[in-house]
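This report concerns only the one structure given below.
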Amino acid sequence: MAFIKTTEKESNYNHLEKMSTLELLQNINNEDKTVPLAVEKALPEIQKLVDQIVLKLKNNGRLFYIGAGTSGRLGIVDASECPPTFGVPHEMVIGLIAGGDIAIRKAVEFAEDSVNQGWYDLQNHDISKKDIVIGIAASGTTPYVIEALKKCNFNNIITGSISCNKNSPLSNTAKYPIEVVVGPEFVTGSSRMKAGTAQKLVLNMLTTSTMIKLGKVKGNKMVDMQLSNNKLVDRGIKMIMSELNIDRSSAKSLLEQNKNVRTAIIAFKNKKNEN
């Protein structure tokens, strides 16, 4: 199949500057509605990659995201949310972006064109075949990402990818490619829009499904979350109240003693069994 970069195709809309504010919003929204349906078509591929991630993390491996621009930033966002949400170590899920940390806020010119830096960045984290690396690129053509995955393949490191074009060079490089074909953007070529939304949805699926399968969720609650602010402390107290059917004061006391929702619940049940 020939590679066609649909993310760069002409928008389905024209004369955007002549639209009213409401027309702009309605048309952007209409385009956004198509994204979950495109993700749905990729669920079998997403499942395969989740199973690989779970296998690696169960055996003390790490998950790496590597990307450039918006794609790199989305990977970093997803990685940074795992410790507070699921209570896992910061080094379990790591996001890397072309150009380094400065590129999170400001674009670094030509960083994504480097054919060597991606692998160097992974080596700085002592990458090994215990780990798994997912390349993220809307176009599926970013050299920084593709060449890093090629090096991973050569070194027997499992690779996955998230892109928004069919049969892209990135997909053809990754062992477990995910392709969410969202079509032309509302603003021609602005892949931070539908493509970015699609990537975010897939990233949500990858880590959330993985953490659930790793036992980091009980029922539907984030029992291992970090209690890093008053809102989360209050949420933790309510979880304990609901799980143990006790009053707020007792739940608060349990949480203060154990510093963790799961630990508090276990401690209460163990004490009850002893009595």
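So is GLY72 open to solvent by 30 Å² or more (accessible area, probe 1.4 Å) and either of a type outside the set (S, T, N, Q) or closer than 18 Å to LYS200 by Cα (or both) or not?
no
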Test: THR208 is out of contact with any strand residue (DSSP E or B) (no Cβ under 9 Å at 6 or more places or on another chain), of a type in the set (S, T, N, Q), in a helix (DSSP H, G or I) and closer than 23 Å to LEU57 by Cα: yes
Search result, residues across segment 229-275 that are in contact with a helix residue (DSSP H, G or I) (Cβ under 6 Å, 6 or more places away or on another chain) and among the small types (Gly, Ala, Ser): GLY236, ALA251, ALA264, ALA267
Selection from segment 211-242 of residues that are open to solvent by less than 50 Å² (accessible area, probe 1.4 Å), closer than 27 Å to GLY72 by Cβ and in a helix (DSSP H, G or I): MET211
Single match in LEU96, LEU43 (criterion: surrounded by 14 or more Cβ atoms within 10 Å (Cβ to Cβ) and under 25 Å from MET211 (Cβ atoms)): LEU96
Any hit, segment 204-226, residues being touching a Lys or Arg at 6+ places or on another chain (Cβ under 6 Å) and within 17 Å of CYS82 (Cα to Cα): yes
Strands (runs of 3 or more DSSP E) contained entirely in segment 112-197, each with at least 2 residues that are without any contact (Cβ under 8 Å) to a residue 60 or more places away in the chain and either open to solvent by less than 30 Å² (accessible area, probe 1.4 Å) or touching a Phe, Trp or Tyr at 6+ places or on another chain (Cβ under 9 Å) (or both): 158-163
Residues that are touching a residue at least 12 places away in the same chain (Cβ under 8 Å), under 31 Å from the mean Cα position of the chain (by Cα) and surrounded by fewer than 18 Cβ atoms within 10 Å (Cβ to Cβ), drawn from segment 243-259: LYS259
Checking ASP51 against (1) among the charged types (D, E, K, R); (2) exposed (fewer than 15 other Cβ atoms within 10 Å of the Cβ); (3) farther than 30 Å from ASP126 by Cα, the condition it does not meet: (3)
For ALA2: the one exception among (1) over 14 Å from GLY183 (Cβ atoms); (2) in a helix (DSSP H, G or I): (2)
Set ILE102, ILE76: member being free of Cβ contacts under 8 Å to residues at least 12 places away in the same chain and assigned to a helix (DSSP H, G or I): ILE102
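The values are calculated or read from the model by the stated rules, or taken from the named source; none is laboratory data. Keep in mind that this is a model prediction, so the values were computed, not measured. A quick note on method: Cβ atoms are made from the backbone with ideal geometry, for glycine too, and the neighbour counts reach across all protein chains shown. Heads up: the accessible areas ignore ligands, DNA and RNA and are worked out on the full protein's heavy atoms, side chains in. Shrake-Rupley method; radii C 1.70, N 1.55, O 1.52, S 1.80 Å.
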